[in-house]
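Chemist: Let me begin by handing over the structure; questions about it come next.
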Amino acid sequence: MIEICEVGPRDGLQTEATYLSVQQRVDMITKLSKLGFSKIECVSFVRDDLVPQMAHAEKIIEALPKENGVRYAGLVLSAGGVQRALRLENLTDIHFAIAASDTFNKRNAGRPTWDTLDRLSIPIKEALQSGKQVTGIIATAFGCPFEGIIPLDRVLKMIESYINFGNCQICLADTTGLANPKQVQHMIQEVNLHFPDVPISLHFHNTRGLGLANVLAAIQMGVTRFDSSIGGLGGCPYAPLAVGNVCTEDLVNMTESMGFSTGIDLDGLIETAKWTEQQVKRKLDGLVMKAGPIGLPSMPYEQSSLNENGKM
């Protein structure tokens, strides 16, 4: 089973030139909530003037339907954001995002990495005590556009910090699309070695066309939880060229054609991607929404479409 957290309403929309209204965002999340996702990242608790695309987070969460089996998550970067999130009964999950890169974290959250971790230690514990599910996101885990490769020991130390706060889930994020499949597998191997009982999720961007390749590399290492964004929407406003998350329809199509289950309605997802494209008023990067799903059962490679002469 491949578990997908849909991040389109948050990560997907936060850099869009077309600002969606509260009702449009509620409609988007409502449509997604009926497609089989176990969790949807809906909002970001940041200042409206800094990221106007994410304005009115409370109104969004309060207006969402309480669908059975769907968890609603919000991203926080500060203690103030945590307090806003904790007041919302309909919000089940809080995602804390801290970058492994000092330079990136200063641009994104105003402080270096360890300072942010120290300042958020009490809010993280408060979130856990409140009954919210907490995910500790390590942004730029696979590289930073300003600092380059991030030392593995730094990522491992951040994982240890999150775990010491309490029962945090861990997400490793390739915030600017710098990861490659070999690097992904090495990272997972090292995390499993040091933290064998801690399952991780992965968040990839498709900036350089390696998003699905990195997902496949992770699946081969046993990872089953991923973030993705409808239509391939996404990008970080503080990261140069960090455009496009892994596309949800493309991810569902790939994994299900390989024989994995996602529990997600692909046809409904494609229709929702087309609807989302109309709302943001631009062509989206997703491929399956244009070409359609594979629609064929997977077959062993030796039974592929080679003719008797060994040619396609």
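Chemist: Out of 61, 4, I need the residue that is in a strand (DSSP E or B), of a type in the set (Val, Ile, Thr) and open to solvent by less than 40 Å² (accessible area, probe 1.4 Å). Which one? Outline the logic, then answer.
Modeler: Details: 61 fails: in a strand (DSSP E or B).
Going through 61, 4 in turn, the sole match is 4.
Chemist: Next question. Quickly run through the stretch 79-113 and pick out the residues that are part of a helix (DSSP H, G or I) and in contact (Cβ under 8 Å) with a residue 60 or more places away in the chain. It would help to see each step written out before you state the result.
Modeler: Filtering the stretch 79-113 down to residues part of a helix (DSSP H, G or I) leaves 79-86, 102-109, 113.
Result: 104, 107, 108.
Chemist: Those residues that are in contact with a Pro (Cβ under 6 Å, 6 or more places away or on another chain) and either buried (at least 17 other Cβ atoms within 10 Å of the Cβ) or of a type outside the set (Gly, Ala, Ser) (or both), I need them from the stretch 64-104; list them, please.
Modeler: Restricting attention to the stretch 64-104, the residues satisfying the condition of being in contact with a Pro (Cβ under 6 Å, 6 or more places away or on another chain) are 79, 82, 102.
Listed by number, the residues that qualify are 82, 102.
Chemist: Scan the stretch 169-209 for residues that are open to solvent by less than 10 Å² (accessible area, probe 1.4 Å) and more than 16 Å from the chain's Cα centre (by Cα) and report the count.
Modeler: 2
Chemist: Next question. Being of a type in the set (A, V, I, L, M, F, W, C) and over 15 Å from residue 272 (Cα atoms) is the filter here; which residues of the stretch 1-19 pass it?
Modeler: Quick first cut of the stretch 1-19, residues of a type in the set (A, V, I, L, M, F, W, C) only: 1-2, 4-5, 7, 13, 17.
Matches in the stretch 1-19: 1, 2, 4, 5, 17.
Chemist: Just to check your reading of the model, which residue among 116, 15 is assigned to a loop (DSSP other than H, G, I, E, B), β-branched (Val, Ile, Thr) and either farther than 22 Å from residue 244 by Cβ or open to solvent by 10 Å² or more (accessible area, probe 1.4 Å) (or both)? Before you say what the answer is, go through the steps one by one.
Modeler: Numbers: 116 fails: assigned to a loop (DSSP other than H, G, I, E, B).
Criteria check complete, one pass: 15.
Chemist: Which condition number does residue 73 fail, the rest of (1) touching a residue at least 40 places away in the same chain (Cβ under 8 Å); (2) assigned to a loop (DSSP other than H, G, I, E, B) being met?
Modeler: Just one mismatch for residue 73, condition (2).
The values are calculated or read from the model by the stated rules, or taken from the named source; none is laboratory data. None of these values were measured; they are calculated from a predicted model. As a convention, Cβ positions derive from the backbone with ideal geometry for all residues, glycine included, and neighbour counts pool all protein chains shown. Accessible surface is based on the protein model in full, side chains and every heavy atom, while ligands, DNA and RNA are left aside. Shrake-Rupley method; radii C 1.70, N 1.55, O 1.52, S 1.80 Å.
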